[in-house]
1. Out of the residues in the stretch 108-158 that are polar (S, T, N, Q) and in a helix (DSSP H, G or I), which is nearest to Gly249 (Cα to Cα)?
2. Hey, does the stretch 36-52 have a residue that's more than 16 Å from ligand 2 (Cβ to nearest atom), aliphatic (A, V, I, L, M), at pLDDT 95 or above and not in a helix (DSSP H, G or I)?
3. Condition first: within 16 Å of ligand 2 (Cβ to nearest atom), closer than 21 Å to Val196 by Cβ and not hydroxyl-bearing (Ser, Thr, Tyr). Now tell me which residues in the stretch 249-274 satisfy that.
4. Considering only residues that are within 15 Å of ligand 1 (Cβ to nearest atom) and modelled with pLDDT of 95 or more, which ones fall in the stretch 250-282?
5. Among the residues of the stretch 161-183, is any away from ligand 2 (no atom under 16 Å from the Cβ) and within 28 Å of Ala236 (Cα to Cα)?
6. If you go through the stretch 302-333, how many residues are charged (D, E, K, R) and under 14 Å from the mean Cα position of the chain (by Cα)?
7. Counting only residues that are within 16 Å of ligand 1 (Cβ to nearest atom) and free of Cβ contacts under 8 Å to residues at least 24 places away in the same chain, how many does the stretch 315-338 have?
8. Could you tell me whether Arg178 is touching a residue at least 40 places away in the same chain (Cβ under 8 Å) and of a type in the set (D, E, K, R)?
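The values are calculated or read from the model by the stated rules, or taken from the named source; none is laboratory data. Note that the structure is predicted; figures quoted are calculated from it, not measured. For neighbour counting, all protein chains shown are included, and Cβ atoms are generated from backbone atoms with ideal geometry for every residue, glycine included.
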Amino acid sequence: MILSEIDSDFGVMRYIRTALMASKNLLLLAGDGIGPEAMAEVKKLIAAMNDKLGSDFVTDEGLVGGCAYDAHGAAISDADMAKAMAADAVLFGAVGGPKWDAVPYEVRPEAGLLRLRKDMELFANLRPAICYPALAASSSLKQEVVEGLDILIVRELTGGVYFGEPKQIVDLGNGQKRGIDTQVYDTFEIERISGVAFELARTRKNHVTSMEKRNVMKSGVLWNEVVTQTHKARYADVKLDHMLADAGGMQLVRWPKQFDVIVTDNLFGDMLSDIAAMLTGSIGMLPSASLGAPDAKTKKRKALYEPVHGSAPDISGKGIANPIAMIASFAMCLRYSFGMVAEADKLEAAIAAVLDDGLRTKDILSEGMTEVGTVQMGDAIIAKFLG
Ligand code: IPM
Ligand code: MG
(Lines give C-alpha, C1' and ligand atoms only; values in the text may rest on other atoms or scores of the structure.)
(Ligands and ions follow the chains in the order given, each with its own letter.)
Protein backbone atom coordinates (compact mmCIF):
# COMPACT_ATOMS: atom_id res chain seq x y z
CA MET A 1 0.00 0.00 0.00
CA ILE A 2 1.42 3.37 -0.95
CA LEU A 3 1.72 6.10 1.57
CA SER A 4 -0.98 8.35 0.12
CA GLU A 5 -3.53 5.52 0.36
CA ILE A 6 -2.73 5.03 4.02
CA ASP A 7 -3.08 8.75 4.48
CA SER A 8 -6.44 8.85 2.81
CA ASP A 9 -7.60 5.84 4.80
CA PHE A 10 -6.67 7.68 7.93
CA GLY A 11 -8.41 10.72 6.52
CA VAL A 12 -11.65 8.79 6.12
CA MET A 13 -11.33 7.31 9.59
CA ARG A 14 -10.64 10.72 11.01
CA TYR A 15 -13.65 12.08 9.16
CA ILE A 16 -15.94 9.36 10.47
CA ARG A 17 -14.60 9.79 13.96
CA THR A 18 -15.06 13.55 13.92
CA ALA A 19 -18.50 13.18 12.38
CA LEU A 20 -19.46 10.75 15.11
CA MET A 21 -18.03 12.94 17.80
CA ALA A 22 -19.31 16.16 16.35
CA SER A 23 -22.96 15.24 15.98
CA LYS A 24 -24.97 15.98 19.04
CA ASN A 25 -27.42 13.21 19.77
CA LEU A 26 -30.63 14.29 21.43
CA LEU A 27 -33.45 12.05 22.57
CA LEU A 28 -36.77 13.88 22.66
CA LEU A 29 -39.31 12.53 25.13
CA ALA A 30 -42.28 14.86 24.79
CA GLY A 31 -44.59 12.85 27.04
CA ASP A 32 -48.17 13.83 27.82
CA GLY A 33 -50.43 16.86 28.07
CA ILE A 34 -48.76 20.07 26.95
CA GLY A 35 -45.41 18.24 26.66
CA PRO A 36 -45.70 17.58 22.91
CA GLU A 37 -46.93 21.15 22.22
CA ALA A 38 -43.98 22.67 24.05
CA MET A 39 -41.54 20.17 22.50
CA ALA A 40 -42.79 21.03 18.99
CA GLU A 41 -41.37 24.54 19.46
CA VAL A 42 -37.96 23.17 20.45
CA LYS A 43 -38.04 20.82 17.46
CA LYS A 44 -38.56 23.83 15.19
CA LEU A 45 -35.68 25.57 16.91
CA ILE A 46 -33.36 22.57 16.48
CA ALA A 47 -34.29 22.28 12.79
CA ALA A 48 -33.62 26.00 12.34
CA MET A 49 -30.23 25.71 14.06
CA ASN A 50 -29.23 22.77 11.84
CA ASP A 51 -30.49 24.55 8.77
CA LYS A 52 -29.36 28.12 9.32
CA LEU A 53 -26.45 27.87 11.74
CA GLY A 54 -24.90 24.62 10.55
CA SER A 55 -25.49 22.94 13.91
CA ASP A 56 -25.23 19.17 13.95
CA PHE A 57 -28.06 18.00 16.15
CA VAL A 58 -29.39 14.55 15.46
CA THR A 59 -32.69 13.81 17.15
CA ASP A 60 -34.54 10.65 17.99
CA GLU A 61 -37.86 10.34 19.77
CA GLY A 62 -39.39 8.05 22.34
CA LEU A 63 -42.41 7.68 24.62
CA VAL A 64 -42.60 8.41 28.32
CA GLY A 65 -45.46 8.68 30.79
CA GLY A 66 -49.09 7.92 30.01
CA CYS A 67 -48.48 7.65 26.26
CA ALA A 68 -45.80 5.01 26.91
CA TYR A 69 -48.19 3.13 29.18
CA ASP A 70 -50.83 3.15 26.44
CA ALA A 71 -48.30 1.84 23.91
CA HIS A 72 -46.27 -0.61 26.01
CA GLY A 73 -47.93 -0.96 29.42
CA ALA A 74 -44.88 0.68 31.03
CA ALA A 75 -44.11 4.32 31.87
CA ILE A 76 -41.01 4.00 29.71
CA SER A 77 -39.97 1.00 27.62
CA ASP A 78 -36.55 -0.65 28.03
CA ALA A 79 -35.78 0.30 24.43
CA ASP A 80 -36.44 4.00 25.06
CA MET A 81 -34.51 3.76 28.34
CA ALA A 82 -31.53 2.39 26.38
CA LYS A 83 -31.80 5.29 23.93
CA ALA A 84 -31.78 7.73 26.83
CA MET A 85 -28.65 6.11 28.26
CA ALA A 86 -26.89 6.41 24.90
CA ALA A 87 -27.94 9.98 24.03
CA ASP A 88 -25.74 13.01 24.68
CA ALA A 89 -28.77 14.63 26.27
CA VAL A 90 -32.46 13.96 26.79
CA LEU A 91 -35.09 16.64 26.34
CA PHE A 92 -38.16 15.84 28.38
CA GLY A 93 -41.61 17.45 28.14
CA ALA A 94 -44.09 16.44 30.83
CA VAL A 95 -45.93 13.37 32.04
CA GLY A 96 -49.29 12.49 33.54
CA GLY A 97 -52.96 13.37 33.33
CA PRO A 98 -56.36 12.27 34.61
CA LYS A 99 -56.57 9.58 31.92
CA TRP A 100 -53.99 7.55 33.86
CA ASP A 101 -55.19 8.27 37.40
CA ALA A 102 -56.23 4.68 37.92
CA VAL A 103 -53.23 2.83 36.44
CA PRO A 104 -51.17 0.70 38.85
CA TYR A 105 -48.70 2.72 40.97
CA GLU A 106 -45.62 0.99 39.47
CA VAL A 107 -46.51 2.06 35.95
CA ARG A 108 -48.04 5.48 36.65
CA PRO A 109 -46.72 8.17 34.25
CA GLU A 110 -44.37 9.71 36.83
CA ALA A 111 -42.57 6.37 37.19
CA GLY A 112 -41.06 6.96 33.74
CA LEU A 113 -39.44 10.21 34.83
CA LEU A 114 -38.25 8.72 38.11
CA ARG A 115 -36.69 5.76 36.28
CA LEU A 116 -34.87 8.11 33.92
CA ARG A 117 -33.51 10.09 36.88
CA LYS A 118 -32.48 6.99 38.80
CA ASP A 119 -31.04 4.84 35.98
CA MET A 120 -29.15 7.77 34.44
CA GLU A 121 -27.98 8.74 37.96
CA LEU A 122 -29.02 12.35 37.47
CA PHE A 123 -28.37 13.39 41.04
CA ALA A 124 -28.09 17.14 40.49
CA ASN A 125 -31.19 19.06 39.50
CA LEU A 126 -30.59 22.71 38.66
CA ARG A 127 -33.64 24.93 38.75
CA PRO A 128 -32.86 28.55 38.04
CA ALA A 129 -35.59 31.05 38.91
CA ILE A 130 -35.04 34.23 36.96
CA CYS A 131 -37.59 37.02 36.91
CA TYR A 132 -37.45 38.59 33.47
CA PRO A 133 -37.86 42.39 33.85
CA ALA A 134 -40.92 42.33 31.59
CA LEU A 135 -42.65 39.87 33.90
CA ALA A 136 -42.05 41.48 37.29
CA ALA A 137 -45.61 42.78 37.21
CA SER A 138 -47.19 39.38 36.60
CA SER A 139 -45.82 37.71 39.73
CA SER A 140 -48.30 37.35 42.57
CA LEU A 141 -45.69 39.10 44.71
CA LYS A 142 -44.96 42.81 44.78
CA GLN A 143 -42.84 43.99 41.89
CA GLU A 144 -39.95 45.20 44.08
CA VAL A 145 -39.75 41.78 45.73
CA VAL A 146 -39.15 39.87 42.47
CA GLU A 147 -37.69 42.42 40.05
CA GLY A 148 -34.19 41.32 39.00
CA LEU A 149 -34.50 38.01 40.85
CA ASP A 150 -31.89 35.42 39.86
CA ILE A 151 -31.63 32.41 42.13
CA LEU A 152 -30.66 28.82 41.51
CA ILE A 153 -32.14 25.89 43.36
CA VAL A 154 -29.88 22.84 43.39
CA ARG A 155 -32.09 19.89 44.27
CA GLU A 156 -30.75 16.43 45.09
CA LEU A 157 -32.61 14.18 42.66
CA THR A 158 -31.81 10.50 43.10
CA GLY A 159 -32.09 10.00 46.85
CA GLY A 160 -34.16 10.89 49.86
CA VAL A 161 -37.78 9.97 50.38
CA TYR A 162 -38.42 9.60 46.64
CA PHE A 163 -36.39 6.40 46.49
CA GLY A 164 -35.71 5.31 50.09
CA GLU A 165 -36.74 1.77 51.13
CA PRO A 166 -38.97 0.53 52.64
CA LYS A 167 -41.59 2.28 50.59
CA GLN A 168 -44.89 0.49 51.01
CA ILE A 169 -48.37 0.29 52.42
CA VAL A 170 -48.60 -2.44 55.05
CA ASP A 171 -51.86 -4.01 56.16
CA LEU A 172 -51.75 -4.08 59.95
CA GLY A 173 -54.54 -6.65 60.08
CA ASN A 174 -56.67 -4.66 62.52
CA GLY A 175 -58.53 -2.68 59.91
CA GLN A 176 -55.62 -0.24 59.81
CA LYS A 177 -53.00 0.22 57.17
CA ARG A 178 -49.60 1.88 57.45
CA GLY A 179 -48.04 3.98 54.68
CA ILE A 180 -44.28 4.06 54.82
CA ASP A 181 -41.75 6.18 52.95
CA THR A 182 -38.12 6.34 53.97
CA GLN A 183 -36.02 9.47 53.99
CA VAL A 184 -32.43 8.34 53.69
CA TYR A 185 -29.18 10.06 52.75
CA ASP A 186 -25.61 8.77 52.76
CA THR A 187 -22.58 11.01 53.18
CA PHE A 188 -21.46 10.75 49.53
CA GLU A 189 -24.84 11.86 48.25
CA ILE A 190 -24.78 15.03 50.35
CA GLU A 191 -21.13 15.67 49.53
CA ARG A 192 -21.59 15.47 45.77
CA ILE A 193 -24.74 17.61 45.61
CA SER A 194 -23.26 20.28 47.86
CA GLY A 195 -20.10 20.21 45.73
CA VAL A 196 -22.22 21.03 42.67
CA ALA A 197 -23.90 23.88 44.56
CA PHE A 198 -20.59 25.37 45.74
CA GLU A 199 -19.03 25.09 42.27
CA LEU A 200 -22.00 26.83 40.69
CA ALA A 201 -22.04 29.51 43.39
CA ARG A 202 -18.47 30.40 42.42
CA THR A 203 -19.73 31.29 38.95
CA ARG A 204 -22.49 33.46 40.45
CA LYS A 205 -22.64 35.49 43.67
CA ASN A 206 -20.61 32.99 45.67
CA HIS A 207 -23.32 32.33 48.24
CA VAL A 208 -24.95 29.00 49.14
CA THR A 209 -27.89 28.48 51.48
CA SER A 210 -28.39 24.88 52.54
CA MET A 211 -31.92 23.88 53.63
CA GLU A 212 -32.99 20.87 55.70
CA LYS A 213 -35.00 20.06 58.84
CA ARG A 214 -32.25 19.15 61.29
CA ASN A 215 -34.59 20.10 64.13
CA VAL A 216 -36.76 17.00 63.48
CA MET A 217 -34.93 14.72 61.04
CA LYS A 218 -31.75 12.69 61.46
CA SER A 219 -31.14 12.93 57.72
CA GLY A 220 -31.28 16.70 58.24
CA VAL A 221 -28.66 16.54 60.99
CA LEU A 222 -26.33 14.57 58.70
CA TRP A 223 -27.11 16.88 55.75
CA ASN A 224 -26.12 19.90 57.82
CA GLU A 225 -22.91 18.25 59.06
CA VAL A 226 -21.76 17.05 55.65
CA VAL A 227 -22.50 20.37 53.91
CA THR A 228 -20.53 22.16 56.65
CA GLN A 229 -17.58 19.75 56.31
CA THR A 230 -17.56 19.91 52.51
CA HIS A 231 -17.56 23.69 52.74
CA LYS A 232 -14.72 23.76 55.22
CA ALA A 233 -12.60 21.26 53.30
CA ARG A 234 -13.01 22.50 49.74
CA TYR A 235 -15.11 25.63 49.41
CA ALA A 236 -14.30 27.93 52.32
CA ASP A 237 -14.19 30.89 49.90
CA VAL A 238 -17.96 30.55 49.31
CA LYS A 239 -20.37 32.14 51.80
CA LEU A 240 -22.48 29.38 53.40
CA ASP A 241 -25.72 29.78 55.36
CA HIS A 242 -27.95 27.09 56.82
CA MET A 243 -31.70 27.51 57.04
CA LEU A 244 -34.49 25.22 58.17
CA ALA A 245 -36.47 24.27 55.07
CA ASP A 246 -39.78 25.62 56.38
CA ALA A 247 -38.20 28.97 57.23
CA GLY A 248 -36.57 28.83 53.80
CA GLY A 249 -39.97 28.55 52.16
CA MET A 250 -41.12 31.56 54.12
CA GLN A 251 -38.00 33.58 53.24
CA LEU A 252 -38.44 32.69 49.57
CA VAL A 253 -41.71 34.59 49.44
CA ARG A 254 -40.69 37.29 51.94
CA TRP A 255 -37.41 38.43 50.31
CA PRO A 256 -36.17 35.98 47.68
CA LYS A 257 -33.32 38.21 46.56
CA GLN A 258 -31.39 37.30 49.72
CA PHE A 259 -30.60 33.96 48.03
CA ASP A 260 -28.09 33.06 45.36
CA VAL A 261 -27.81 29.24 45.32
CA ILE A 262 -30.08 27.07 47.47
CA VAL A 263 -29.04 23.46 47.99
CA THR A 264 -31.57 21.04 49.38
CA ASP A 265 -32.85 17.47 49.30
CA ASN A 266 -35.20 15.83 46.83
CA LEU A 267 -38.55 16.50 48.53
CA PHE A 268 -37.82 19.98 49.90
CA GLY A 269 -36.32 20.84 46.52
CA ASP A 270 -39.52 19.74 44.80
CA MET A 271 -41.61 22.05 46.96
CA LEU A 272 -39.22 24.99 47.16
CA SER A 273 -38.73 25.03 43.39
CA ASP A 274 -42.47 25.25 42.78
CA ILE A 275 -42.56 28.23 45.15
CA ALA A 276 -39.60 29.78 43.36
CA ALA A 277 -41.37 29.22 40.04
CA MET A 278 -44.25 31.45 41.04
CA LEU A 279 -41.84 34.25 41.94
CA THR A 280 -40.92 34.45 38.26
CA GLY A 281 -44.47 35.16 37.17
CA SER A 282 -45.58 31.71 36.08
CA ILE A 283 -44.55 28.11 36.46
CA GLY A 284 -44.55 28.13 32.65
CA MET A 285 -41.24 30.03 32.81
CA LEU A 286 -39.03 27.65 34.77
CA PRO A 287 -36.50 25.37 33.04
CA SER A 288 -34.39 22.70 34.69
CA ALA A 289 -31.31 20.58 34.09
CA SER A 290 -30.70 17.20 35.69
CA LEU A 291 -27.07 16.16 35.55
CA GLY A 292 -25.07 13.09 36.45
CA ALA A 293 -21.44 12.86 37.47
CA PRO A 294 -18.85 13.40 34.73
CA ASP A 295 -17.76 10.12 33.11
CA ALA A 296 -14.23 9.18 34.23
CA LYS A 297 -13.02 8.75 30.63
CA THR A 298 -15.08 11.05 28.43
CA LYS A 299 -15.73 13.71 31.12
CA LYS A 300 -19.26 13.92 29.71
CA ARG A 301 -22.22 14.06 32.07
CA LYS A 302 -25.47 12.27 31.42
CA ALA A 303 -28.15 14.93 31.28
CA LEU A 304 -31.88 15.48 31.02
CA TYR A 305 -33.53 18.85 30.52
CA GLU A 306 -37.14 19.49 31.42
CA PRO A 307 -39.50 22.34 32.15
CA VAL A 308 -40.63 22.43 35.79
CA HIS A 309 -44.29 22.78 34.81
CA GLY A 310 -46.23 19.56 34.57
CA SER A 311 -48.44 18.24 31.80
CA ALA A 312 -51.24 20.78 32.53
CA PRO A 313 -54.03 18.56 31.16
CA ASP A 314 -56.56 21.37 31.65
CA ILE A 315 -55.00 23.44 28.88
CA SER A 316 -53.46 20.72 26.74
CA GLY A 317 -54.41 20.59 23.07
CA LYS A 318 -55.62 24.19 23.08
CA GLY A 319 -52.46 25.72 21.67
CA ILE A 320 -52.15 28.14 24.58
CA ALA A 321 -49.37 26.53 26.65
CA ASN A 322 -46.31 28.62 27.38
CA PRO A 323 -43.31 27.06 25.58
CA ILE A 324 -40.74 29.28 27.31
CA ALA A 325 -39.75 26.83 30.08
CA MET A 326 -39.19 24.12 27.45
CA ILE A 327 -37.17 26.45 25.21
CA ALA A 328 -35.19 27.73 28.21
CA SER A 329 -34.53 24.08 29.15
CA PHE A 330 -33.00 23.63 25.71
CA ALA A 331 -30.87 26.72 26.39
CA MET A 332 -29.59 24.94 29.52
CA CYS A 333 -28.87 21.89 27.34
CA LEU A 334 -26.77 24.03 24.98
CA ARG A 335 -24.90 25.45 27.97
CA TYR A 336 -24.30 22.35 30.09
CA SER A 337 -24.19 19.45 27.61
CA PHE A 338 -22.57 21.09 24.60
CA GLY A 339 -20.65 24.06 25.98
CA MET A 340 -22.53 26.28 23.48
CA VAL A 341 -22.49 29.20 25.89
CA ALA A 342 -22.84 31.96 23.28
CA GLU A 343 -25.89 30.24 21.75
CA ALA A 344 -27.42 29.65 25.18
CA ASP A 345 -26.95 33.32 26.10
CA LYS A 346 -28.46 34.34 22.78
CA LEU A 347 -31.47 32.08 23.23
CA GLU A 348 -32.12 33.41 26.73
CA ALA A 349 -31.76 36.96 25.39
CA ALA A 350 -34.26 36.12 22.62
CA ILE A 351 -36.80 35.02 25.26
CA ALA A 352 -36.27 38.28 27.19
CA ALA A 353 -36.57 40.32 23.99
CA VAL A 354 -39.84 38.70 22.95
CA LEU A 355 -41.24 39.42 26.41
CA ASP A 356 -40.00 43.02 26.12
CA ASP A 357 -41.93 43.25 22.86
CA GLY A 358 -45.07 42.54 24.88
CA LEU A 359 -45.85 39.03 23.62
CA ARG A 360 -47.52 36.89 26.28
CA THR A 361 -49.08 33.47 26.51
CA LYS A 362 -52.23 33.34 28.61
CA ASP A 363 -50.46 32.34 31.85
CA ILE A 364 -48.35 35.53 31.86
CA LEU A 365 -50.83 37.87 30.23
CA SER A 366 -51.23 41.33 31.72
CA GLU A 367 -52.97 44.50 30.62
CA GLY A 368 -51.78 46.13 27.43
CA MET A 369 -49.83 43.05 26.30
CA THR A 370 -50.41 40.97 23.18
CA GLU A 371 -51.77 37.50 23.79
CA VAL A 372 -50.21 34.80 21.62
CA GLY A 373 -50.45 31.03 21.44
CA THR A 374 -47.75 28.41 21.84
CA VAL A 375 -46.74 28.38 18.16
CA GLN A 376 -46.58 32.16 17.80
CA MET A 377 -44.48 32.44 20.96
CA GLY A 378 -42.11 29.76 19.66
CA ASP A 379 -41.87 31.41 16.23
CA ALA A 380 -41.16 34.82 17.77
CA ILE A 381 -38.36 33.47 19.97
CA ILE A 382 -36.80 31.54 17.07
CA ALA A 383 -36.94 34.63 14.83
CA LYS A 384 -35.23 36.77 17.51
CA PHE A 385 -32.65 34.06 18.12
CA LEU A 386 -31.74 33.78 14.43
CA GLY A 387 -32.06 37.52 13.77
C1 IPM B 1 -40.89 17.74 39.47
C2 IPM B 1 -42.18 16.95 39.49
C3 IPM B 1 -41.86 15.48 39.73
C4 IPM B 1 -41.25 15.37 41.10
C5 IPM B 1 -43.06 14.52 39.57
C6 IPM B 1 -43.70 14.65 38.20
C7 IPM B 1 -42.67 13.10 39.84
O8 IPM B 1 -43.04 17.47 40.43
O9 IPM B 1 -40.04 17.44 38.64
O10 IPM B 1 -40.78 18.67 40.25
O11 IPM B 1 -41.95 15.27 42.11
O12 IPM B 1 -40.02 15.38 41.18
MG1 MG C 1 -42.36 19.26 41.35
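1. Gln143
2. Within the stretch 36-52, none of the residues are more than 16 Å from ligand 2 (Cβ to nearest atom), aliphatic (A, V, I, L, M), at pLDDT 95 or above and not in a helix (DSSP H, G or I).
3. Leu252, Ile262, Asp265, Asn266, Leu267, Phe268, Gly269, Asp270, Met271, Leu272, Asp274
4. Correct list: Ile262, Thr264, Asp265, Asn266, Leu267, Phe268, Gly269, Asp270, Met271, Leu272.
5. no
6. Of the residues in the stretch 302-333, 2 are charged (D, E, K, R) and under 14 Å from the mean Cα position of the chain (by Cα).
7. 0
8. No; evaluated as a whole, the condition is false for this residue.
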